[in-house]
1. Any idea which of (1) closer than 23 Å to Thr90 by Cα; (2) open to solvent by less than 20 Å² (accessible area, probe 1.4 Å); (3) at pLDDT 95 or above; (4) touching a strand residue (DSSP E or B) at 6+ places or on another chain (Cβ under 9 Å) is the one Leu6 doesn't satisfy?
2. Do we find a residue being open to solvent by 30 Å² or more (accessible area, probe 1.4 Å), touching a Cys at 6+ places or on another chain (Cβ under 6 Å) and not hydroxyl-bearing (Ser, Thr, Tyr) anywhere in segment 25-35?
3. Starting from segment 148-159, take each residue that is farther than 9 Å from His183 by Cα and list its partners that are outside any helix (DSSP H, G or I) and modelled with pLDDT under 85, counting only C-beta distances under 7 angstrom and pairs at least six apart or across chains.
4. Just one of the numbered conditions (1) open to solvent by 80 Å² or more (accessible area, probe 1.4 Å); (2) free of Cβ contacts under 8 Å to residues at least 60 places away in the same chain; (3) closer than 24 Å to Lys191 by Cβ is not true of Leu63; which one?
5. Inside segment 157-188, can you point out the residues that are modelled with pLDDT under 90 and in a strand (DSSP E or B)?
6. Does segment 115-137 include one or more residues that are within 18 Å of the chain's Cα centre (by Cα), farther than 19 Å from Val55 by Cα, at pLDDT 70 or above and assigned to a loop (DSSP other than H, G, I, E, B)?
7. Out of segment 39-51, which residues are within 14 Å of Gly153 (Cβ to Cβ) and not in a loop (DSSP other than H, G, I, E, B)?
8. Only one of Leu21, Leu58, Leu50 is open to solvent by less than 40 Å² (accessible area, probe 1.4 Å), among the hydrophobic types (A, V, I, L, M, F, W, C), at pLDDT below 95 and more than 22 Å from Ser176 (Cα to Cα). Can you tell me which?
Amino acid sequence: KLTHDLSHFLDSRAKIQKISLTQTIQKQEAVEAVRQYLIAAKVKPRIANLIANAVDELLMNALFDAPCDEFGRPLYSSTERTAERDLKDTELVSMSIGFDGFNIGISVTDHFGNLDRNSLLSHVTESYRKKDYHIKTGVAGAGLGVATIFSSGGSLVYHCESKVKTEATLLYRTYSTYREFKHQFKFFSAKFYL
């Protein structure tokens, strides 16, 4: 079993559902589907909204920041995030979600494998070093997704195979109160394969 596979983080009884996005406009539908899935699973609405927002950030990265040309230059990082386009071939984005009654796992995969290790680690360490860390607004790739996920209680696992794929997995435990949820144990893992 692959250690980064979503099933690795959930109980064996968890049913994992997968979807593939073929258009950028499907992002909002996918985020809303995650929110409704969690609410149906009796996750508190505030927590469901927070997780859905984190999923939105990962999907945004996969749809607009990951695509690059053969030289590794970003294709859409300056594109309006509301721009509609069809996704073909390597631009297809897949998402998986599973819930085992206590743990929630969501994976988002792009097929470019161009995640910048230094930038990722910089955002993670910066948001922890300074309590007054300020996210740069209006800048694509400003670290908003990573900073938001860590400030909200989620764990994040990255698996990046250079020029093949990047898989970002969000992991949460459900709690009856938002306070417990926000202060749960969390971790960060990033594996890069050349």
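The values are calculated or read from the model by the stated rules, or taken from the named source; none is laboratory data. What you see is a predicted model, and the numbers here were worked out from it, not measured in a lab. Counting neighbours? That spans all protein chains shown, and the Cβs are built from the backbone with ideal geometry, glycine included. The accessibility values were calculated without ligands, DNA or RNA, using every heavy atom of the protein model including side chains. Shrake-Rupley method; radii C 1.70, N 1.55, O 1.52, S 1.80 Å.
1. (3)
2. no
3. Note: pairs meeting the criteria are Val157/His4; His159/His4.
4. Every condition holds for Leu63 apart from (1).
5. Scanning segment 157-188 gives a single hit, Phe188.
6. Checked against the condition, which is being within 18 Å of the chain's Cα centre (by Cα), farther than 19 Å from Val55 by Cα, at pLDDT 70 or above and assigned to a loop (DSSP other than H, G, I, E, B), segment 115-137 yields at least one hit.
7. Arg46, Ile47, Ala48, Asn49, Leu50, Ile51
8. Going through Leu21, Leu58, Leu50 in turn, the sole match is Leu58.
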